[in-house]
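Here's the structure we're looking at; comments come further down.
The values are calculated or read from the model by the stated rules, or taken from the named source; none is laboratory data. In this text the structure is predicted, and so the values were computed from the model without any measurement. Note: ideal-geometry Cβ built from the backbone for every residue, glycine included; neighbour counts use all protein chains shown.
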C-alpha cells in the first residue's frame, strides 16, 4: 500500500501544489484527515443555527514561536453561547482532545465574555462570532500533530440547545503562519494576569461572609473613558453568583457586589481559589484570590 501511494504522488507531484501533496500524505498517515487539513484548517461544520471549524497557525514573538489552534464558532443573529462560567443558566463549552495524536497538551484560552439577559436570569458568554485560542504542545517536536476535537457547546436564543461536533485537522511540522492574524486577534481578547501598574485591576476585595447576608464587595479601577465595564467571578470548585455593579463607572472607579444566597454558600467558598475577571472595551484582566 505504501509503495502504491508513494508511486501515485510521485506521478502527480508536478500537477499538485506541494502543500496539498503533503496534506494528502499526512491525511493517509493519520487515517483519512480531509485534504483541507493540509492548510491547517478544517471545513466549516453546520450545527443548529451555527457553524464551527478549526484553524491553526504558528505565532512568533521575541525570537520564540508557538503553535496555536483555534476553535471558531459563528452564530446566527440572536443566538449566543457560554463562557466557562455560564452565569445563572446554560452550560459551559467542553473541549475533548483525547482522540488526538502526538499531542502533549491543548490549553484552551477564553476571550473576555459579556453578560446577557436570559430567561433564567443573567447569562455570561458570547454572541455572533467567538474564537477560542488553543496553545498546542506536541509530544514529539518536529513531527506532525493530528488534532481531533469533540466539542460540546450550548447554543441559546429563547431555549438552550446542546450541540456536539467532532472536528479534525492535521498540523505539519512546518505549519507556517496559517491563520496567525485571526489567532492574534482572538488572543488579544483573552484577559491578561492583573498587574499593579496596568488597568483594569482590582483595588480591594472585602469579604463579609459571616453575617445573615454574606457578600463579596469589589472595588476596581478601569482606564479613563472605558465602556462596557464589568466583573465576573468563578471557581472550579464552587458555584459563584453573578456580580452586580453598585453604580456606574465614576472617575475610573467602579464597585461590584457578589451576594451569596446563604451562610452555607458563604462557608463553601472559604478557602477556595476564585478568579475575578474584569472586562472593558479598553482591555481585560484576571486576578486570583482566596477567601480566608
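For the stretch 254-291, the tally of residues that are loosely packed, with under 14 Cβ neighbours inside 10 Å and farther than 16 Å from residue 240 by Cα stands at 1. Does residue 135 satisfy being in contact with a helix residue (DSSP H, G or I) (Cβ under 9 Å, 6 or more places away or on another chain), surrounded by fewer than 22 Cβ atoms within 10 Å (Cβ to Cβ) and either touching a residue at least 24 places away in the same chain (Cβ under 8 Å) or not in a strand (DSSP E or B) (or both)? Judged against the criteria, residue 135 is not a match. None of 152, 118 is surrounded by fewer than 16 Cβ atoms within 10 Å (Cβ to Cβ) and assigned by TED's automatic domain parsing to the domain that holds residue 51 except 152. Among (1) without any contact (Cβ under 8 Å) to a residue 60 or more places away in the chain; (2) farther than 28 Å from residue 241 by Cα; (3) assigned to a strand (DSSP E or B), where does residue 149 come up short? Only one criterion in (1) without any contact (Cβ under 8 Å) to a residue 60 or more places away in the chain; (2) farther than 28 Å from residue 241 by Cα; (3) assigned to a strand (DSSP E or B) is unmet by residue 149, namely (1). Hey, any hits in the stretch 173-191 for a residue that's closer than 30 Å to residue 271 by Cβ and within 18 Å of the chain's Cα centre (by Cα)? Yes: the stretch 173-191 contains one or more residues that are closer than 30 Å to residue 271 by Cβ and within 18 Å of the chain's Cα centre (by Cα). Residues of the stretch 107-121 that are assigned to a strand (DSSP E or B), touching a residue at least 40 places away in the same chain (Cβ under 8 Å) and under 20 Å from the mean Cα position of the chain (by Cα): 114, 115.
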